[in-house]
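The values are calculated or read from the model by the stated rules, or taken from the named source; none is laboratory data. All figures in this text were calculated on a predicted structure; none of them were measured in a lab. Here Cβ is always computed from backbone atoms with ideal geometry, including for glycine, and neighbour counts include all displayed protein chains.
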Amino acid sequence: MTGTNAYFFLLSIKWLNFGRRLLEFQFPSREDTSPQALQQIEEVMVYTYTKYMDLMDTIFFVLRKKESHLTFLHLYHHFMVPILTWLTMKFAPTCPPIAIFALLNTPVHTMMYSYYALSALGPTVHRFLWWKRYITVAQILQFVLFLSYAIISAFLSTGYPSVIY
């Protein structure tokens with residue numbers, strides 16, 4: 001999962017066209033069948049599958065009663081992200097917010113899974129794992145950045161379908 005998240009971090013940079021799409025608030029066309037759009041949809045779908053793997057990881061923590069690994073933030077994140085990524089894939093798989101989420105989320109998961117892998121090597125490695133608290137700081141920073149982007153995006157977005165009752 002460490003390598004997978006590092007890979008999707010690089011892909012998210014590509015999806016955002018090296019940052020050029022960060023301020024693109026127009027809803028992407030659902031009729032875009034260009035090779036680039038289709039490739040991005042495939043890549044985002046595989047990224048979505050990794051979110052289900054993260055959810056399974058969390059479920060295994062719960063089943064093994066590893067409460068020390070679980071926080072409200074961890075549970076909320078790993079239960080909500082699969083739902084939100086599924087919704088994104090259903091309605092707007094090429095929209096910039098999914099790429100921004102991946103850009104912010106994958107470095108945190110790379111750090112987190114690296115930490116888990118190293119801590120599994122035993123007590124001889126534990127003295128090198130002083131950076132655990134920075135994972136939590138990175139998670140909170142990721143949440144604040146994405147929430148800020150979402151709020152700004154909500155005001156500046158155009159062309160997104162509206163919900164009509």
Check your understanding: What about PHE146, is it farther than 26 Å from THR33 by Cβ and assigned to a helix (DSSP H, G or I)?
Key -> yes
Restricted to the range 11-44 and to residues being within 13 Å of LEU103 (Cβ to Cβ) and polar (S, T, N, Q), the residue surrounded by the fewest Cβ atoms within 10 Å (Cβ to Cβ) is ASN17
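Sort out which residues of the range 1-27 are more than 15 Å from MET112 (Cβ to Cβ) and in a loop (DSSP other than H, G, I, E, B), and write them in order of number.
Those that are more than 15 Å from MET112 (Cβ to Cβ) and in a loop (DSSP other than H, G, I, E, B): LEU16, ASN17, PHE18, GLY19, ARG20, ARG21, LEU22, LEU23, GLU24, PHE25, PHE27.
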Yes or no: TYR134 over 22 Å from TRP15 (Cα atoms), aromatic (Phe, Trp, Tyr) and at pLDDT 90 or above? yes
Across (1) out of contact with any Lys or Arg (no Cβ under 6 Å at 6 or more places or on another chain); (2) within 22 Å of SER157 (Cα to Cα), THR85 clears everything bar (1)
When the range 41-59 is checked residue by residue, the ones that are within 10 Å of the chain's Cα centre (by Cα) and of a type in the set (Val, Ile, Thr) are THR48, THR50
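May I ask you to list the residues in the range 119-159 that are touching a Phe, Trp or Tyr at 6+ places or on another chain (Cβ under 7 Å) and under 22 Å from LEU70 (Cα atoms)?
Scanning the range 119-159 gives LEU129, LYS132, ILE135, PHE146.
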